[in-house]
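Structure record follows, encoded as structure tokens.
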Amino acid sequence: QGALVEDGGGSVQAGGSLRLSCAASQYTYCNYDMSWYRQAPGKEREFVSAMNSAGSTTYANFVKGRFTISRDNAKNTVYLLMNSLKPEDTAMYYCKGHRWGAAPACRPFVYWGQGTQVTVSS
């Protein structure tokens, strides 16, 4: 555990913003696709956003135009900037890292963060 360390969660009013961060440990010759998921109590975990090792991004429809994913490779950190937050965005947010590559050391492996709580009030 502790392969991914998240920060930035908290409580905010509707319409406000938060920026989540996820620090990861990486190997030089491996590729890392990073993504964010969220899960509300009693609900299934759902995909939020992703950025692969080439920089391509993907967003769930319910966050398009509001959330922005980015990464700083020098800091081994991925971010999720959340603007125009809504009460329905309230959930535990999880960072996911997928390691892959042709080198023997780059065995496919998935890392999950511990989760950071985001609460949006009306």
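Could you grab me the full set of residues in the range 17-54 that are without any contact (Cβ under 8 Å) to a residue 40 or more places away in the chain and open to solvent by 40 Å² or more (accessible area, probe 1.4 Å)?
Answer for the range 17-54, where residues must be without any contact (Cβ under 8 Å) to a residue 40 or more places away in the chain and open to solvent by 40 Å² or more (accessible area, probe 1.4 Å): 28, 41, 42, 44, 46, 47, 52, 53, 54.
For the structure I just gave you, tell me whether residue 9 is within 13 Å of residue 89 (Cα to Cα), in contact with a Leu (Cβ under 9 Å, 6 or more places away or on another chain) and either among the hydroxyl-bearing types (Ser, Thr, Tyr) or open to solvent by 30 Å² or more (accessible area, probe 1.4 Å) (or both).
So residue 9 fits the description; yes.
Please verify whether residue 53 is over 18 Å from residue 113 (Cα atoms) and more than 16 Å from the chain's Cα centre (by Cα), treating the condition exactly as stated.
no
If you go through the range 44-59 one residue at a time, how many are modelled with pLDDT under 95 and among the hydroxyl-bearing types (Ser, Thr, Tyr)?
Matching residues across the range 44-59 total 1.
If I ask for residues that are at pLDDT below 95 and at negative phi, which ones from the range 68-95 would you list?
Scanning the range 68-95 gives 71, 72, 73, 74, 75, 77, 78.
What pairs come up if the first residue lies in the range 79-107 and is within 16 Å of residue 24 (Cβ to Cβ) and open to solvent by less than 20 Å² (accessible area, probe 1.4 Å), the second is among the basic types (Lys, Arg) and at pLDDT below 95, and their beta carbons are under 7 Å apart, counting only those six or more places apart or on different chains?
106/99
Which residues, counting only those in the range 58-78, are more than 12 Å from the chain's Cα centre (by Cα), within 21 Å of residue 113 (Cα to Cα) and surrounded by 14 or more Cβ atoms within 10 Å (Cβ to Cβ)?
60, 63, 76
Report, ordered by the first and then the second residue, all pairs with beta carbons closer than 6 Å, sequence separation of six or more or different chains, a first member in the range 58-73 that is under 11 Å from residue 36 (Cα atoms), and a second member that is of a type in the set (Val, Ile, Thr).
Hits for this filter: 60/48; 69/57.
The values are calculated or read from the model by the stated rules, or taken from the named source; none is laboratory data. Just so we're clear, the structure is a prediction, and the values are computed from it rather than from any experiment. Reconstructed Cβ throughout: ideal geometry from the backbone, glycine too, with neighbour counts over all protein chains shown. For the accessible areas, the whole protein counts, side chains as well, though only heavy atoms, and no ligand, DNA or RNA atoms are used. Shrake-Rupley method; radii C 1.70, N 1.55, O 1.52, S 1.80 Å.
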